[in-house]
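All remarks here apply to the structure that follows.
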Amino acid sequence: MVSPLNHSGEIAALGAATCWAFSALFFAAAGARIGSLSVNLLRLVLALFFLSASVWIEMGQPWPKAVGASAWGWLSLSGLVGFALGDLFLFRAFVELGARRAIVMMALVPLFTALFGRVAL
């Protein structure tokens with residue numbers, strides 16, 4: 001008899017893909033109902049709360065104090081571009097194109113990046 005632990009990687013991959021697909025559908029529905037900007041802001045506030053709570057539980061303080069100002073600056077810039085702007089555009093695409101088309105476009109990004117990189121280099 002085959003143990004489910006022998007296929008734990010495959011089960012985890014299927015679970016991650018299922019969660020990814022359903023989250024796109026849920027974010028598309030929420031974006032259509034209350035707007036993509038509201039959904040993104042609510043998600044960012046909840047993420048900040050849960051992240052600081054987990055750091056507080058792990059380290060005993062809400063923010064790591066050993067991190068320098070330069071690292072916080074780069075991290076903030078990365079978060080602004082990636083989480084704030086990138087996800088805002090993604091949630092808007094969920095509303096405009098639908099979750100399925102937006103995910104297909106997102107899945108094609110590595111292909112287009114490789115093709116444009118080949119042309120550029």
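The values are calculated or read from the model by the stated rules, or taken from the named source; none is laboratory data. Only a predicted model underlies this, so the values are computations on that prediction, with no experimental measurement involved. Neighbour counts are summed over all protein chains in view; Cβ atoms, including those assigned to glycine, are modelled from backbone coordinates with ideal geometry. Keep in mind that these areas ignore ligands, DNA and RNA; they rest on the heavy atoms of the full protein, side chains included. Shrake-Rupley method; radii C 1.70, N 1.55, O 1.52, S 1.80 Å.
Look at Ser23 and say whether it is surrounded by 11 or more Cβ atoms within 10 Å (Cβ to Cβ), touching a helix residue (DSSP H, G or I) at 6+ places or on another chain (Cβ under 8 Å), among the hydroxyl-bearing types (Ser, Thr, Tyr) and within 12 Å of Phe94 (Cα to Cα).
no
Those residues that are more than 14 Å from the chain's Cα centre (by Cα) and either open to solvent by less than 90 Å² (accessible area, probe 1.4 Å) or on the phi > 0 side of the Ramachandran plot (or both), I need them from the range 70-92; list them, please.
Across the range 70-92, the qualifying residues are Ser70, Ala71, Trp72, Gly73, Ser76, Leu77.
Taking the condition open to solvent by 80 Å² or more (accessible area, probe 1.4 Å), over 21 Å from Asn40 (Cα atoms), modelled with pLDDT of 90 or more and out of contact with any strand residue (DSSP E or B) (no Cβ under 9 Å at 6 or more places or on another chain), does Leu115 pass?
So Leu115 fits the description; yes.
Kindly provide the set of residues from the range 35-47 that are assigned to a helix (DSSP H, G or I), surrounded by 13 or more Cβ atoms within 10 Å (Cβ to Cβ) and not hydroxyl-bearing (Ser, Thr, Tyr), ordered by number.
Selection gives Val39, Asn40, Leu41, Arg43, Leu44.
If you check Met105 against the conditions, is it within 19 Å of Ala21 (Cα to Cα) and either open to solvent by 50 Å² or more (accessible area, probe 1.4 Å) or of a type in the set (Asp, Glu) (or both)?
So Met105 fits the description; yes.
Enumerate the pairs (first residue in the range 46-59 and within 18 Å of Ala84 (Cα to Cα); second residue anywhere and assigned to a helix (DSSP H, G or I) and open to solvent by 100 Å² or more (accessible area, probe 1.4 Å)) with beta-carbon separation below 9 Å, excluding pairs fewer than 6 apart on the same chain, so at least 6 apart or on different chains.
Pairs that qualify, where the first residue is within 18 Å of Ala84 (Cα to Cα) and the partner is assigned to a helix (DSSP H, G or I) and open to solvent by 100 Å² or more (accessible area, probe 1.4 Å), are Ala47/Phe83.
What's the total number of residues in the range 51-66 that are in a helix (DSSP H, G or I) and surrounded by 10 or more Cβ atoms within 10 Å (Cβ to Cβ)?
7
How about the range 1-45: which of its residues are more than 17 Å from Ala102 (Cα to Cα) and either basic (Lys, Arg) or in contact with a Ser or Thr (Cβ under 9 Å, 6 or more places away or on another chain) (or both)?
Once the filter is applied, which keeps residues that are more than 17 Å from Ala102 (Cα to Cα) and either basic (Lys, Arg) or in contact with a Ser or Thr (Cβ under 9 Å, 6 or more places away or on another chain) (or both), the range 1-45 yields Arg33, Arg43.
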